[in-house]
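Please treat every number below as a calculation from the coordinates, not as lab data. These numbers were taken from a predicted model, which means no experiment stands behind them. Glycine also receives a Cβ, built like all others from the backbone with ideal geometry; neighbour counts cover every protein chain displayed.
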Amino acid sequence: MCIIALSYQQHPDYPLLLAANRDEFFARPTAALGWWPDGQILAGTDLQAGGTWLGVSRKGRMAALTNFRNPRANQPNAPSRGQLVSTFLASQSSAADFATSLLPQLAHYNGFNLLLFDGQQLFYVSSVEAQARPLPAGLYVVSNHVLGTPWPKVERLKQGMLQHLAEPRLDTEALFDLLSDRQQPQDKELPDTGVGLEWERRLASIFVAAPGYGTRASSLLRLGSNQQLEMIERSFDESGQMRETRRFTLTL
């Protein structure tokens with residue numbers, strides 16, 4: 001994923017609510033959201049390196065990942081970060097134990113942010129900060145820098161989420177509208193992550209549409225207080241037009 005908003009214990013009906021966009025090169029082979037062969041993991045699949053960017057398990061585990069944007073520090077032969085998501089979803093480890101076990105390995109990976117939920121506790125792992133920490137109840141938005149970095153699109157999505165969380169009923173279409181926002185900030189507000197001004201502009205909106213690269217999927221995940229879990233994925237083509245919607249529900 002390239003931007004994730006995660007509401008944890010902020011809505012009376014939905015203790016866990018996630019809204020996220022996956023930005024990727026359109027040439028990278030991908031399988032859409034679906035049940036994996038073992039029938040235990042619900043996620044999309046990165047067919048090039050394996051693993052996934054966002055997924056849940058039948059046991060109520062959730063994991064989501066964003067890359068940390070720093071081309072100068074890229075290791076071309078680093079292991080797949082997406083495997084961290086699928087490994088956690090298939091494991092029996094608590095979020096705390098899994099997060100802690102990653103700390104000695106972080107230098108082997110290209111930069112990432114990892115959110116882990118085991119049904120009881122939410123954890124955040126930053127490979128760049130070399131830390132793992134529990135997250136208390138709150139609203140969190142993370143893009144391609146460490147959690148808490150106030151990039152314009154991060155702050156814009158956060159404000160939109162806060163407005164919707166104040167409503168008694170969550171509106172699915174309104175949440176997807178937040179994820180489809182293409183508003184561009186001014187150049188003076190842009191970060192400098194080493195990709196050049198033109199790409200900083202292209203990557204600055206919540207929904208990204210650039211030549212050969214952009215938002216390929218928008219996802220909503222809702223875990224209800226009644227233990228009903230719903231996951232919806234909308235996929236997009238290179239022109240930014242929606243191609244398909246996939247929706248799954250399960251009872252934990």
From the Cα centre of region 191-252 to that of region 100-132, the distance in Å is 22
The size of the Cβ-based charge dipole (Lys, Arg +1; Asp, Glu -1) of the chain about the Cα centre, to the nearest 20 debye, is 240
dims of region 84-209, Cα set, principal axes, largest to smallest, nearest Å -> 42, 42, 22
The extension gain from E238 to S101, computed as 0.36 nm times the residue separation minus the Cα-Cα distance, is 45.5 nm
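Compute the whole-percent fraction of alpha carbon pairs in the chain spaced more than 31 Å apart. Can you show the working numbers first?
On the way: 5200 of 31626 pairs.
Counting every Cα pair in the chain, those more than 31 Å apart make up 16 percent.
Could you quote the convex hull projected area for region 182-252, Cα atoms only and averaged over all directions, in nm²?
On the way: hull surface 26.3 nm².
Averaged projected area of region 182-252's Cα convex hull equals 6.6 nm².
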Put in order of increasing Cβ neighbours within 10 Å, starting from the fewest, L122, L103, L203 give L103, L122, L203
Expected sort for 11-18, 195-202, 57-64 on mean C-beta neighbours within 10 Å, highest first, is 57-64, 11-18, 195-202
